[in-house]
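Everything on this sheet refers to the single structure shown next.
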Amino acid sequence: MIVLSLFDGMSATQQALKELGVPVSLYYASEVDSYAIKITQKNFPNTIQLGDVCNVSIADHIDLIVAGSPCQDLSFAGKGKGLDGERSGLFFEAIRIIKEAKAINPNVKVLIENVKMKSEYMDAMSDALSEALGERVTPQLLNSGLVSAQNRQRLYWYNWETIEEPEDRGLVLKDILETTVDDKYLAGQKLLDNYVGGDQLNLAISLRLIQYTITIRKAQRSVLELMAMLLAT
Ligand SMILES: C[S@@+](CC[C@H](N)C(=O)[O-])C[C@H]1O[C@@H](n2cnc3c(N)ncnc32)[C@H](O)[C@@H]1O
């Protein structure tokens, strides 16, 4: 399968496909965050990085396009600039690219993810995507909390058979905490031996918090799991 991941982040899509055992012959990624790219290249060195989505154009066959465009202007937590916002407007670059890919492979599969948003923005995204794909596509609202311990309501647009909402696994934070953590993240005996009080305790607590941050990262796998489920259908 030849995959193009727009707004690839640290390539969670690639991890999902790997866990599903989907053979990927070429994986193109468009991402601009240098740290995210570094993580991707460490885990998946064969990734072909294309850089800024505005400079991506398609000349070859693509089987699957995945895109989770920036949500800041669409989110209820944002300033509400909507699809005219500089960041969330990048969605239309994804639409341009989908049209180019569809002209080469009419059967290209597309999976788009974004936050829960005003129906006005949601409809505008559905209209643009439907026009690009030549068929009506509307989003499905899924909560990652069904399969992980993180409440995360997200919209998923995809041009294949609608999936059934997964059963609630009833997971809570304690189910996903790691039981073993590398010593480098712990406060350490030296600090505890020399503890005299005051700010030192804050340091110890901060170090403990780092430990919890590491474990909470596991919770962020929830979106990955949903993506894996969607791609598995
Ligand atoms: C909402 S995040 C999605 C990340 C990833 N898809 C995930 O689910 O973890 C949006 C991503 O778009 C990237 N991005 C922002 N502007 C971009 C641009 N012009 N071209 C490519 N990627 C961009 C950001 O760096 C960020 O990683």
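Can you tell me, using C-alpha contacts under 8 Å and at least 6 residues apart, the relative contact order of the stretch 129-173 as a whole percent? Display every interim value, and only then the final one.
On the way: 60 pairs, mean separation 16.8, N = 45.
Relative CO of the stretch 129-173 lands at 37 percent.
What the Cβ-Cβ distance of D168 and K118 gives, at R0 = 25 Å and to the nearest 0.05, is a FRET efficiency of 0.40. For the listed residue pairs K38/K116; K81/K116; K18/K38; K42/K109; K18/K109; K38/K99, the alpha carbons are over 23 angstrom apart in K38/K116; K42/K109; K38/K99. Inter-part distance, the stretch 98-175 to the stretch 1-64, computed on C-alpha centroids, equals 19 Å. Dipole size in debye (nearest 20) for the stretch 1-132 around its Cα centre, Lys and Arg Cβ +1, Asp and Glu Cβ -1? Roughly 260 debye for the stretch 1-132. Shape class of the stretch 33-120 from the Cα gyration tensor (axes a ≥ b ≥ c, square roots of the eigenvalues): oblate, since a/c reaches 1.5 or more and a/b does not exceed b/c. In order along the stretch 119-127, phi translates into HN-Hα couplings of 5, 4, 6, 4, 5, 5, 5, 4, 4 Hz, rounded to whole numbers, per the Karplus curve 6.51 cos²θ - 1.76 cosθ + 1.60 with θ = phi - 60° and x for Gly and Pro.
When M122, M117 are ordered from fewest to most other Cβ atoms inside 10 Å of their Cβ, what list results?
Details: M122 19, M117 23.
The fewest-first ordering by Cβ neighbours comes to M122, M117.
Counting only residues at least eight positions apart within a chain, or on another chain, the aspartates and glutamates with an alpha carbon under 16 Å from that of K118 are D73, D84, D127. Residues in the stretch 92-106 carry Karplus couplings, in order, of 6, 5, 4, 4, 4, 5, 4, 4, 4, 5, 5, 5, 8, 10, x Hz; the curve used is 6.51 cos²θ - 1.76 cosθ + 1.60 with θ = phi - 60°, and Gly or Pro positions show x.
Among 98-106, 173-181, 143-151, the peptide with the highest mean count of other Cβ atoms within 10 Å heads the list, and the full ranking is 143-151, 98-106, 173-181.
Evaluating 6.51 cos²θ - 1.76 cosθ + 1.60 at θ = phi - 60° for every residue in the stretch 170-184, the Karplus couplings come out as x, 7, 10, 3, 4, 6, 10, 6, 6, 8, 10, 10, 3, 3, 4 Hz, glycine and proline recorded as x. Remark on the stretch 131-172: Rg and Dmax equal 12.8, 41 Å (Cα only).
So between D183 and Q49, what do we pick up on full extension, going 0.36 nm a residue minus the alpha carbon distance? If you can, show how the numbers build up before the last one.
Working: separation 134, 0.36 × 134 = 48.24 nm, distance 3.43 nm.
Contour length minus Cα-Cα distance gives 44.8 nm.
When the trypsin sites (Lys or Arg not before Pro) in the stretch 9-90 are filtered for DSSP coil states and for at most 16 other beta-carbon atoms within 10 Å of their beta-carbon, the remaining sites are K79, K81, R87. Near V110, the amide H atoms lying under 5 Å from its own belong to I65, N159; only residues 5 or more places off or on other chains count, and H is placed 1.01 Å from N.
Values in this text are rule-based calculations from the coordinates and carry no lab data. Note that the structure is a prediction, hence the values are computed from the model and not measured. All Cβ positions, glycine included, derive from the backbone under ideal geometry; neighbour counts span all protein chains shown.
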